[in-house]
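Notes to accompany the following structure.
No value in this document is a laboratory result; all are computed from the given coordinates. A quick note: this is a predicted structure, and the numbers were derived from the prediction, not measured. Glycine gets a Cβ as well: all are built from the backbone with ideal geometry, and neighbour counts include every protein chain shown.
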Amino acid sequence: MHTLAMTLRRRRMKRGAIELSLPEMKIDLDGDGRVTGAHLVENTESHQIIEEFMLAANEAVAEMLYDRKLIFVRRIHESPDPRKLKDLTAFATELGFKTESLESRFAIQKLLAAADGLPQAHAINYAVLRSMQKAIYSPEEEGHYALASEHYCHFTSPIRRYPDLVVHRLLEAVLRSTPPMQDKGKLAEVGLHCSSREQRAEQAERELKKVKLLDFLSTRIGEEMDGVITGVEEFGLFIQGIDLPAEGLVHISSLADDYYRFDRASHTLSGHRSRGTYRLGDAVRVAVARVDVDRRELDFRLVGRLARVPARRPKSSPKQSTTKKSAGDRSSGGKMKPPGKPQSRTRSPAKKTTREKAVRKKPPGKESTGKKSTLKESTGKKPTGKKRPTKKTGKKTGGGSKPGNRTDKIPGKKPSKKRSHRPGGSESGKPRKKPGSAPKTAGKKGGSKRSTGKRHRRS
């Protein structure tokens with residue numbers, strides 16, 4: 001059986017079949033139905049054997065019905081939109097993969113093979129998934145792009161899928177030599193209804209898993225885990241746990257050790273001072289920071305970096321399903337989420353600008369007073385923020401006094417309590433005006449905020 005299955009597999013790949021590596025998450029429950037964790041189902045050779053025989057059976061039935069010139073409910077998967085394939089080509093190039101065009105199924109095969117085992121593998125597989133059309137049920141004579149099959153239908157699961165039952169009824173009519181139902185319009189309605197119900201059921205399944213996992217983590221705020229960066233966006237990092245495959249967001253505002261900039265070309269976040277970089281596939285240590293079950297959101301807090309990606313602890317499960325699936329028959333039945341990303345929310349950078357502006361730090365070296373610094377020109381040294389010690393001589397000093405202590409006062413106005421951290425004679429770091437000269441107004445750029453429009457007089 002193994003030899004035959006691997007032969008069928010090689011034959012299918014030679015035709016140009018596209019297979020994505022997107023592991024499926026399973027929730028672990030105890031005897032009382034409470035969540036105890038989650039794990040990713042591994043794709044073993046036993047899964048591949050079963051999958052190859054099921055694909056062969058579905059193709060054989062579809063070809064037999066086609067040869068008899070019968071109309072039946074097919075599982076069709078149309079070719080990708082050329083514009084999406086161009087976007088996929090640009091994305092792969094940005095991640096460092098050399099490819100001229102991905103409009104050929106064999107070029108996509110080579111891209112997936114090149115990304116296999118690399119830190120960018122998750123991002124590439126998910127990008128390929130997003131570029132594909134939805135696989136649906138229809139009586140139209142369309143092939144299955146991802147499986148590289150000209151005639152394909154669902155036949156092997158009549159107990160849990162209604163399209164399979166419709167095909168079984170058609171086969172029974174053929175074998176009993178009774179007239180089969182050949183109303184194409186009615187079969188089209190059946191296919192449309194089954195496609196929408198399938199997508200709705202799978203969406204409900206994903207929501208259930210997400211709610212269960214978030215509810216489990218809501219009682220573990222502060223718990224640390226090892227993870228891998230699965231997505232890098234302008235607003236933060238998407239990280240998926242190693243042993244517990246929960247995907248959450250580390251918002252850029254929580255990266256307090258530096259000011260990070262997003263590099264769209266390399267999909268990285270780079271620090272302004274330290275030049276530290278976060279990229280796809282980096283191993284990190286995170287802690288659960290916030291869980292919002294109602295909004296389906298999970299936020300992590302970055303604890304530190306890891307030298308390498310830790311090995312996933314083996315998890316035995318009595319019921320396991322195939323995790324490597326064709327691009328057309330993916331678990332979502334169509335377009336999914338960002339990064340990502342599969343088990344977490346997606347955020348549009350354009351909708352997060354208000355929050356980002358409020359929490360992002362300003363680059364080091366820039367002052368928040370809106371004044372132009374002249375200290376570097378006058379002293380040739382960078383400001384350190386420390387107060388320069390002065391000797392107590394009992395005399396009033398100008399530039400040698402403590403920073404911000406002015407000896408000249410404006411009659412009728414109390415001196416401001418706000419002090420500049422810059423060393424020098426005046427708050428703005430500029431030389432004092434001569435007696436009788438009019439100071440700049442506060443409305444002009446670089447002017448003193450203490451200006452009142454009156455002339456200064458020495459007391």
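Structure summary
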item	result
By average C-beta atoms within 10 angstrom, highest first, the peptides 271-279, 104-112	104-112, 271-279
Shape of the stretch 136-258, Cα gyration tensor, a/c cut at 1.5	prolate
Order by protection proxy (mean Cβ within 10 Å, highest first), peptides 290-298, 27-35	290-298, 27-35
Contact order normalised by residue count of the stretch 118-255, Cα under 8 Å, 6+ apart, percent	15 percent
For the stretch 27-159: rounded, prolate or oblate by the Cα gyration tensor [a/c cutoff 1.5]	oblate
As computed over the stretch 92-204, the Cα convex hull volume per residue (Å³)	145 Å³
Scattering profile of the stretch 109-167 at q = 0.19, 0.24 Å⁻¹ [log10 I(q)/I(0), Debye over alpha-carbon scatterers]	-0.82, -0.97
Global size of the stretch 238-285 as Cα Rg and Dmax, reported in angstrom	11.5, 33
Derived scalar couplings ³J(HN,Hα) [the stretch 145-154; Karplus, 6.51 cos²θ - 1.76 cosθ + 1.60; whole Hz; x for Gly, Pro]	4, 5, 8, 6, 10, 7, 10, 8, 8, 9
